[in-house]
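The block underneath contains the structure these notes are about, expressed in C-alpha cells.
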Amino acid sequence: MKAVLFCNQVFAHTMEKALQSEGIEVEEIKSPDQIPEIKPDILVVQFPLGEFSRGDIFVNLEKLWDQASPLTLIIKPPQERIRKRDLKENVVVIDDTSSPEEAVKNLLDALKVPDYLLSRGLEAYAERNYPLAYEYWMRLARDERARGTKVYEYLKIARKEFEGAGLDISALDRVLEERLDPFREGTRLYSEGKLNEALKFLRKIPKDHPEFVRAMAVIENIKEEMELEDVEEVLEEIEGETFSEEDAFVRVEDSPKIDLTPKEAFLLSLIDGETPVRDIEKVAPMGREEFVQSFKKLLKYGLIRRKE
C-alpha cells in the first residue's frame with residue numbers, strides 16, 4: 001500500500017512516521033500535478049500550500065478520482081468549505097488548525113473502516129492486484145469489526161490466487177483459524193471430504209461450546225472414515241504391488257466378530273503393531289497367495305489397520 005503526501009513539513013513528518021509504522025510506503029511530492037500520475041492508495045493534500053491554491057489541488061483531485069478512489073485526507077483553512085460533490089465516502093476533511101497527531105488519527109481511523117477496506121480489496125482483486133487485495137483484506141480481518149463483514153469468506157475464496165501469486169499466506173491461515181467458528185468450518189470441510197482439515201478445526205472446540213457434543217460425534221465419524229480410507233489405500237497398494245512389507249499393523253479394538261479359519265486367527269494373533277508384515281509372513285503357516293488373501297480379509301473386515 002502506498003501513500004502520497006502533499007502537505008507542509010509539520011504534517012508530513014508526523015504522517016510519514018505513523019504510516020510507515022503501519023507498513024505503508026510513503027512518498028512526498030512537490031506539485032499537485034503529480035497526483036493523477038502516481039495513483040496512490042492513500043493521499044494527503046493541503047491547500048493553500050506555497051504557490052498552489054485550492055483550484056490547483058481540486059483540478060488534479062478530480063482527474064485522480066475519475067480513475068480511482070484512494071483514501072484522501074484534505075487539510076484546509078477553517079474558513080474554506082468543501083463542496084458536497086467532493087465529500088465522497090473515501091474523503092476525510094480536517095482544518096489546518098488541527099494538530100498533526102489529530103490528522104493522523106483521523107486518517108488511520110478512516111483507513112480501518114470495514115466498508116472501505118472491503119471495497120478497496122474487491123477493486124484490487126478484480127484488477128488481479130492480489131498483493132494489494134491481500135493487504136486490504138488482511139488489515140480488515142485482524143480488526144474486531146470484521147466479524148460483521150464478508151472478509152473471511154473473501155479470503156477463503158481468494159486463498160488459491162494469493163498463494164499462486166507467491167504471497168506468504170501463513171498469516172491468512174492463522175486469522176481464519178482464529179476467527180472462524182470451528183464447528184461450522186469443521187463440518188463444512190467434512191461435507192467436502194477434507195477429513196484431516198475438518199479434524200483440525202473440530203478438535204479445537206472447547207467443552208463449553210454449544211455444539212461440543214455434536215462435534216465429538218462428527219470426529220468419531222471422521223475417524224471411522226479415515227480408517228476405511230486407509231484400508232482402501234492398503235488394498236490398492238497390495239493389488240498394485242506397491243505395498244511396503246516393512247509396514248507394521250495393529251489389531252483394532254472393538255472390531256466386529258468375524259468367523260475366521262484357524263490359520264486366519266493365528267495370523268491375526270501375530271499382528272502386534274511392531275512386527276513388519278514381511279516377518280509375519282515368514283512364520284505364518286500358509287503360502288504367499290493364501291497369506292495375501294487372508295491379510296486382505298483382516299483389512300476388509302476392520303480387524304487390523306496400518307500403524308500410524
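The values are calculated or read from the model by the stated rules, or taken from the named source; none is laboratory data. As the structure is a prediction and not an experimental result, all values here were calculated from the model. Please note: Cβ atoms are built from the backbone with ideal geometry, for glycine as well, and neighbour counts cover all protein chains shown. The area values use the complete protein model at the heavy-atom level, side chains included, leaving out ligands, DNA and RNA. Shrake-Rupley method; radii C 1.70, N 1.55, O 1.52, S 1.80 Å.
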Qualifying residue in the range 258-281 (condition: modelled with pLDDT of 85 or more and at positive phi): yes
Top-ranked residue of the range 118-151 - restricted to ones that are of a type in the set (A, V, I, L, M) and without any contact (Cβ under 8 Å) to a residue 24 or more places away in the chain, ranked as most open to solvent (accessible area, probe 1.4 Å): Ala126
Considering residues of the range 192-230 that are small (Gly, Ala, Ser) and at pLDDT below 85 only, the residue least open to solvent (accessible area, probe 1.4 Å): Ala198
In the range 65-88, the residues that are touching a residue at least 60 places away in the same chain (Cβ under 8 Å) and over 40 Å from the mean Cα position of the chain (by Cα): none
Cross-chain or 6+ apart pairs with Cβ under 9 Å, the range 166-178 first and farther than 17 Å from Pro131 by Cβ, then open to solvent by less than 40 Å² (accessible area, probe 1.4 Å): Leu176/Ala141; Leu176/Tyr152; Leu176/Leu155; Leu176/Glu185; Glu177/Glu185; Glu177/Phe201
Which listed residue is of a type in the set (Gly, Ala, Ser), in contact (Cβ under 8 Å) with a residue 40 or more places away in the chain and open to solvent by less than 60 Å² (accessible area, probe 1.4 Å), from Ala12, Ala103: Ala103
Subset of the range 1-43 that is within 26 Å of the chain's Cα centre (by Cα) and hydrophobic (A, V, I, L, M, F, W, C) - its residue that is modelled with the lowest pLDDT: Met1
Enumeration of residues in the range 146-178 that are of a type in the set (Ser, Thr, Tyr) and under 8 Å from the mean Cα position of the chain (by Cα): Tyr152, Ser170
Single match in Arg128, Arg139, Arg120 (criterion: over 29 Å from Phe47 (Cα atoms), at pLDDT below 90 and either assigned to a helix (DSSP H, G or I) or not aliphatic (A, V, I, L, M) (or both)): Arg139
Selection count where residues are open to solvent by 60 Å² or more (accessible area, probe 1.4 Å) and within 10 Å of Pro100 (Cβ to Cβ), scope the range 15-36: 1
First in the range 287-308 and over 23 Å from Glu224 (Cα atoms), second anywhere and outside any loop (DSSP other than H, G, I, E, B) and open to solvent by 30 Å² or more (accessible area, probe 1.4 Å), Cβ under 6 Å, 6 or more apart: Phe291/Glu281
When residues of the range 248-303 are limited to those that are of a type in the set (Asp, Glu) and crowded, with 17+ Cβ neighbours inside 10 Å, the one farthest from the chain's Cα centre (by Cα): Glu264
Some residue of the range 153-170 being surrounded by 15 or more Cβ atoms within 10 Å (Cβ to Cβ), among the hydroxyl-bearing types (Ser, Thr, Tyr) and either part of a helix (DSSP H, G or I) or in contact with a Cys (Cβ under 8 Å, 6 or more places away or on another chain) (or both): yes
Near pairs, Cβ below 7 angstrom, 6+ apart or cross-chain, from the range 186-199 (under 16 Å from Lys156 (Cβ atoms)) to any residue that is in a helix (DSSP H, G or I) and among the acidic types (Asp, Glu): Leu189/Glu197
Test: residue in the range 88-97 that is open to solvent by less than 20 Å² (accessible area, probe 1.4 Å) and part of a loop (DSSP other than H, G, I, E, B): yes
Val45 vs. criteria touching a Pro at 6+ places or on another chain (Cβ under 9 Å) and either more than 20 Å from Tyr116 (Cβ to Cβ) or small (Gly, Ala, Ser) (or both): no
Candidate set from the range 61-82 (those that are under 26 Å from Leu118 (Cα atoms) and polar (S, T, N, Q)); member that is surrounded by the fewest Cβ atoms within 10 Å (Cβ to Cβ): Gln67
Test: Phe266 is touching a residue at least 12 places away in the same chain (Cβ under 8 Å), of a type outside the set (Gly, Ala, Ser) and over 24 Å from Glu224 (Cα atoms): yes
